Structure formats: structure tokens, C-alpha cells
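What follows is a single structure, written as C-alpha cells, with notes after it.
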Amino acid sequence: MAGCHHDHGSFDGASTAYRRVLFAVIAINATMFVVELVAGISAGSMALQADALDFLGDSLTYALSLAVIGRALAVRARAALFKGVSLGLLGCWVLGSTLYRVFILETPDALSMGTIGTLAFVANVASALLLLRFRNGDANVRSVWLCSRNDAIGNVAVVIAATGVFAAGSAWPDLIVAAVMASLFLWSAVRIIGQAMDEIAQARTTAPAE
């Protein structure tokens, strides 16, 4: 996994094609948030609920990314910093909720987990493919790509968890996957925050010359 580096010529998202892709990805994520949250609560799956919240977070942060396109580097970097912190808080919440559920073990519905997890995977792969050619931009653009990539990985994990729940008749696979997803959120948050801080420092250095 590459580090969170950038160059001075990083793509800043200022293109009609990128805006159209973001609108499409926002629509996909907002729809899947509703679908997966209802299914997660109905199935009693912590992993599905964690993934649903990630869909909501992505919808909001992608909208923020869209709003700051074309703005100064410092503004874009601060938006990315906000997204990184939000992703980190989401990871902490999922991790805390998972630890809580360890003491209240309820076996989730494996069939619902697998079905909705697969649907979410298809949605996230579609989003990731749309964003693939824009993955090497500035912190604001890169954060969108990382979120979509993480979502696709998370959905594979949910399907694996559903298989484990079905085979073992236990909630533990669901809880383990939720914890792994939380760790992935936290790692991506660190990378996004690191790049955003670098770009904020760069903006302060170049500001007098602009």
C-alpha cells in the first residue's frame, strides 16, 4: 500500500468529467446507505450497520469534495482534513460498538448479510471503477478514491463474515469483520490527514508568492 504522497501538479478535481463522476457516486452511496441500514438493523448485523454508516459518511464527504473543487489548495486541504478526522471518528465508533457487542452476542441473519453485502459490493465496485482514473489527485481527490476502495474491500469482508456466521452459527465472524473494517477506516484516516497536513503546510509556504 503506497504512502500518502503528492506532488505539486496533483489533479485538483477541476474538470466536468470528475464532477459528473462525483454526482453519480454520491447517488449510489446515498441509496445504499438507506438499503444497508434497514437491512443491518433487521438482520442484527453490526458489520452491515458499520458499512451503512460508511455509505452515509461517504455521501456527505463526497458532497464536500464537490463543493471545494476549484478552491484554493488550503481550502481543499482543510476539507480533506475534515474528512480524515470524520473517517477516524467513524472508525472509533465502529470499534467501540463492536467491543460493546462482544458482551451481548446475538447471531445475525447470515442470508441477509450475504445478500446485502453482495449488493453493496457491486455498488462500491461501480463507484471505484468510476473514480479509478482520478485516484492520484490532491488530498481532497485522493480521499474520495480511498473511501470507495475501502468500501469495496469492506463489502467483501461482510460477505466473508456472513459465510462465517452461517457456518459457525455464531456472531463472532460478524464482530471480527466489523473490527477489521474499523481498523481500515482508521488507517485511511491517518493517510488522508497526513496528506492534508502536508498540503496545508505547502499552501502556507507558497501563499506569499501567490
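What follows draws every value from the coordinates through simple rules; no lab data is involved. Bear in mind that the values here come from a model prediction, so they are computed numbers and not experimental data. As a convention, Cβ positions derive from the backbone with ideal geometry for all residues, glycine included, and neighbour counts pool all protein chains shown.
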Practice item. Multiply the residue separation of A17 and I176 by 0.36 nm, subtract the distance between their alpha-carbon atoms, and state the gained length in nm to one decimal. Key: 53.4 nm
Review point. Given labels modelled 7 Å from the Cα in the Cβ direction, how far is it in nm from N136 to S183?
Key: 3.0 nm
Review point. How big is D, in µm² s⁻¹, for the chain by Stokes-Einstein at 37 °C and 0.692 mPa s if Rh is the Kirkwood radius over C-alpha pairs?
Key: 189 µm²/s
Revision key, fill the gap. Extension length gain for V156 and A63 (0.36 nm per residue less Cα distance), in nm, is 31.0 nm
Review point. Taking the simple approach of a point 7 Å from Cα along Cα-to-Cβ for both V34 and A201, what is their distance in nm?
Key: 4.4 nm
Review point. What does the charge dipole of the range 16-204 about its Cα centre add up to, to the nearest 20 debye, if the Cβ of each Lys and Arg holds +1 and the Cβ of each Asp and Glu holds -1?
Key: 860 debye
Check your understanding: Roughly how many nanometres apart are two label points built 7 Å out from the Cα toward the Cβ at S42 and R71?
Key -> 3.8 nm
Exercise for review: Give me the distance between the Cα centres of the range 45-86 and the range 143-210, rounded to whole Å.
Suggested key: 12 Å
Point to revise | Amide hydrogen neighbours beyond the local backbone of A171, cut-off 5 Å, H modeled | key: none
